[in-house]
Amino acid sequence: MGTTIFAEMSALALTTGSINLGQGFPDTDGPAEIAAAAAAAILEGRGNQYPPGPGIPELRHAVAAHQKRFYGVDVDPDREVLVTAGATEAIAAALIALLEPGDEAIAFEPYYDSYAACVAMAGATRVPVTLRPPGFRPDLDALRAAITPRTRLLLLNTPHNPTGAVFTRAELAGIAELACEHDLLVVSDEVYEHLVFEGEHIPIATLPGMRERTVTISSAAKTFSFTGWKIGWVTGTPELVTAVRTVKQFLTYVTGGPFQYAVAQALALPDSYFTSVSASLRSQRDLLCAGLADVGFEVFRPAGTYFVTTDVRSLGEPDGMEFCRELPARVGVVAIPSLVFYDNVEAGRSQVRFAFCKKEEVLREALARLARRGLA
Ligand code: PMP
Ligand code: GLN
């Protein structure tokens with residue numbers, strides 16, 4: 001594998017002049033005042049030299065205040081927060097820190113592509129538990145059956161990429177119970193925590209018995225629409241955060257000094273900012289889901305994230321990979337074949353993921369192209 005599916009499909013979008021509903025990044029930048037804060041930090045000489053290893057105190061305090069404001073969780077900004085190069089590095093550092101060769105890590109598939117790579121880098125084995133349409137709900141019996149004496153951790157992601165499922169409190173409680181019963185660690189990727197349209201985001205660390213066994217990960221990328229800044233963070237007990245930091249310091253050491261100041265400011269934005277981000281994405285979701293259904297896709301409506309999963313068998317197409325490879329030339333639209341997110345490829349063979357974090361006119365044009373070429 002020379003390149004990720006996201007890079008491959010974004011390159012294809014450029015060479016074919018297609019609308020890119022593949023890789024998940026917004027086509028509108030985040031708040032201008034936050035961009036100005038990053039520019040000001042650079043010009044004023046804040047963060048231009050190596051920032052402190054755990055992250056600048058302003059950002060660590062802002063992360064702690066955010067966890068308190070939204071989830072009522074007390075986090076010690078000095079010992080329980082670590083700033084990372086995006087959630088991507090947080091995932092890598094956490095998995096390399098917590099997994100030993102021979103360990104097993106369970107993750108619900110389809111899963112974000114870096115999970116498999118990072119479990120492999122840790123020398124461990126990934127064990128998938130399949131989420132199935134239409135709801136992509138976690139199957140607790142299947143999870144229980146996947147646990148062996150070698151299972152070390154659960155790698156969780158809610159709101160879930162690529163399906164858009166938001167795990168409920170009851171589902172998370174069932175997962176938490178199994179984690180406690182089998183003394184498992186949990187690495188919880190919550191980068192879409194504020195992009196929820198139905199239900200609510202519940203950090204699993206807030207459930208009984210979970211605080212001491214959970215590494216919680218988030219990022220500024222999605223919440224603030226600055227995916228290029230690569231500022232993420234980890235929260236957890238001092239022991240877990242120290243373990244992750246020990247790896248992180250040899251991956252990037254530190255990252256993005258001036259951006260850290262800007263993200264500290266962003267995390268303190270009023271509640272209205274956070275509700276408006278999800279409100280506008282909700283209407284983009286509604287537009288794309290309705291349009292895709294009109295064109296003939298089977299649509300699995302997501303409750304969160306940037307993404308909608310569809311099934312293309314309703315268009316007479318058995319194979320999502322072939323469909324996505326041909327779509328740019330046929331129609332001028334790029335999407336992601338979800339089978340790349342599965343170990344059990346057959347489970348995702350006909351699923352295709354579209355991103356709706358795009359301007360309304362872009363989504364409308366993509367839908368017009370899909371309709372014009374008569375896919376069905
Ligand atoms: N986890 C998931 C589920 C994602 O979708 C992404 C998106 N890129 C990441 C992690 C990585 O986040 P970041 O850009 O902050 O590294
Ligand atoms: N998270 C983004 C997605 O799922 C992609 C990030 C990347 O390209 N690695 O589309």
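Run the numbers on the chain and let me know its relative contact order in percent, using alpha-carbon pairs under 8 Å that are six or more apart.
Taking the mean separation of contacting Cα pairs over the length of the chain, I get 24 percent.
By average Cβ neighbour count within 10 Å, what is the ranking of 235-246, 303-314 from highest down?
303-314, 235-246
Using the Kirkwood radius over Cα pairs, work out the Stokes-Einstein diffusion coefficient for region 273-376 at 10 °C and 1.306 mPa s, in µm²/s as a whole number.
My calculation gives 114 µm²/s for D.
Show that you can apply the helix-only estimate: for the chain, add -39,500 (n - 2.57) for every DSSP H stretch of four or more residues, divide by all residues, and state [θ] at 222 nm to the nearest 500.
Calculated mean residue ellipticity at 222 nm is -13500 deg cm²/dmol.
Between Ala117 and Cys180, take the C-beta separation as r, use R0 = 25 Å, and let me know the FRET efficiency to the nearest 0.05.
Efficiency, rounded to the nearest 0.05: 0.30.
Mean Kyte-Doolittle of at least -0.5 plus a Cα span of 27 Å or more along the axis: flag which DSSP H helices in the chain meet both, please.
271-295
Rank by packing, highest mean first: peptides 129-135, 57-63, 193-199, with packing defined as the count of other Cβ atoms within 10 Å averaged across residues.
Highest-to-lowest ranking by the protection proxy: 57-63, 193-199, 129-135.
Across 10 Å bins from 0, what is the distribution of all Cα-Cα pair distances for region 144-223, in whole percents?
For region 144-223, the pair-distance distribution reads 19, 52, 26, 4.
Considering just Cα atoms, how many Å³ per residue does the convex hull of region 89-158 enclose?
74 Å³
Tell me whether the chain comes out rounded, prolate or oblate; compute the Cα gyration tensor, take square roots of the eigenvalues as a ≥ b ≥ c, and use a/c under 1.5 as the rounded threshold.
oblate
Antiparallel as a % of all DSSP beta bridges within region 164-265, to the nearest 5?
Just about 50 percent of them are antiparallel.
Determine the sum of side-chain charges near Glu298: Lys and Arg each +1, Asp and Glu each -1, restricted to other residues whose C-beta is under 10 angstrom from that of Glu298.
Net charge around Glu298: 0.
So who's got an amide H within less than 5 Å of the one on Val186, skipping anything under 5 residues away but keeping other chains? H placed 1.01 Å off N, in plane.
Leu154, Thr214, Val215
Run through every distinct alpha carbon pair of region 1-131 and return the Kirkwood hydrodynamic radius in angstroms, one decimal place.
18.3 Å
Gap in Å between the Cα centre of region 232-276 and the Cα centre of region 303-370?
Here the answer is 32 Å between Cα centres.
Figure the gain on full extension for Ala7 and Gln249 (residue separation times 0.36 nm, minus the Cα-Cα span) and round it to one decimal in nm.
Roughly 84.5 nm would be gained on extension.
Can you tell me how much longer the chain between Ser276 and Asp27 gets when fully stretched, taken as 0.36 nm per residue apart minus their C-alpha distance, in nm with one decimal?
Net length gain for the segment: 88.0 nm.
For the chain: lysine pairs with Cα atoms under 27 Å, gap of 8 or more or different chains, count?
Lysine pairs, 8 or more places apart or on different chains, close enough: 10.
What FRET efficiency, computed as 1/(1 + (r/R0)^6) with R0 = 56 Å and r the Cβ-Cβ distance, is obtained for Asp74 and Glu360, rounded to the nearest 0.05?
0.90
Count charges around Leu315 for me, please; just the other residues with Cβ under 13 Å from its Cβ, Lys/Arg as +1, Asp/Glu as -1.
-4
Restricting things to alpha carbons, tell me how big region 152-280 is in terms of Rg and Dmax, in Å.
That works out to 15.4, 43 Å for Rg and Dmax.
Summing +1 for each Lys or Arg and -1 for each Asp or Glu, what net charge is found among the other residues whose Cβ lies under 9 Å from the Cβ of Arg152?
Overall, the nearby charge balance is -2.
Just subtract the alpha-carbon distance of Glu346 and Arg132 from 0.36 nm times their residue separation and send over the number in nm, one decimal.
That pair, Glu346 and Arg132, stretches by 75.9 nm at full extension.
Throughout, read-outs are computed from the coordinates displayed, never taken from laboratory work. Fair warning: this is a prediction, and the values are worked out from it, not measured in the lab. Backbone-built Cβ (ideal geometry, glycine too); neighbour counts: all protein chains shown.
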